[in-house]
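*Asks:* Could you have a look at this structure, given as structure tokens, before my questions?
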Amino acid sequence: QVHLVESGGGLVQPGGSLRLSCEASGMIFSLRDMGWYRQAPGKQREMVSYITRRAWTNYADSVKGRFTVSRDNAKNMVYLQMNSLNPEDTAIYFCNAYPPVSPYWGQGTQVTVSS
């Protein structure tokens, strides 16, 4: 059974940074493309970034240049470094396969950007 656990969220001031982590289990992690997604209040969940098994990366236009996705296959971990955060980045952040697989959704981690 696949299990994804996100961590690292919190409250940060505009312009601040956070690093999100996602630990995966129950899958051959090194063979999976992985993505970060977010859902803001009242909005649909959207893709933020993904990283392929070969470490090619892609970003939503709204975060390009500010966020960096990375992975550590030895630890079954995927990370999202978020810099220059702004209030529009406030959301629950999830990791999942890319494209996402419905049963894999976890609880996510809340990111709140506010002064």
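*Asks:* Is there any pair with a first residue in the stretch 47-58 that is farther than 20 Å from Ala91 by Cβ and open to solvent by less than 50 Å² (accessible area, probe 1.4 Å) and a second that is assigned to a loop (DSSP other than H, G, I, E, B) and acidic (Asp, Glu) whose Cβ atoms are under 6 Å apart and which are 6 or more apart or on different chains, and what are they?
*Replies:* Listed pairs, sorted by first residue: Thr52/Asp33.
*Asks:* Let me ask something else about it. For Arg53, indicate whether it is in contact with a helix residue (DSSP H, G or I) (Cβ under 8 Å, 6 or more places away or on another chain) and over 20 Å from Thr112 (Cβ atoms). Lay out the reasoning, then the answer.
*Replies:* Numbers: in contact with a helix residue (DSSP H, G or I) (Cβ under 8 Å, 6 or more places away or on another chain): yes; over 20 Å from Thr112 (Cβ atoms): yes.
In short, yes.
*Asks:* May I ask you to say which residue of Leu4, Leu11 is open to solvent by 60 Å² or more (accessible area, probe 1.4 Å), in a strand (DSSP E or B) and under 27 Å from Ser114 (Cβ atoms)?
*Replies:* Within the list Leu4, Leu11, the selection yields Leu11.
*Asks:* If you don't mind, another one. Can you name the condition, by its number, that Ser84 falls short on among (1) touching a residue at least 60 places away in the same chain (Cβ under 8 Å); (2) in a strand (DSSP E or B); (3) open to solvent by 60 Å² or more (accessible area, probe 1.4 Å); (4) of a type outside the set (Val, Ile, Thr)?
*Replies:* Of the numbered conditions (1) touching a residue at least 60 places away in the same chain (Cβ under 8 Å); (2) in a strand (DSSP E or B); (3) open to solvent by 60 Å² or more (accessible area, probe 1.4 Å); (4) of a type outside the set (Val, Ile, Thr), the odd one out for Ser84 is (2).
The values are calculated or read from the model by the stated rules, or taken from the named source; none is laboratory data. In this text, all values refer to a predicted model and were calculated from it rather than measured experimentally. Cβ: placed from backbone, ideal geometry, glycine included. Neighbour counts: every protein chain shown. All accessible areas refer to the heavy atoms of the entire protein, side chains included, with ligands and DNA or RNA removed. Shrake-Rupley method; radii C 1.70, N 1.55, O 1.52, S 1.80 Å.
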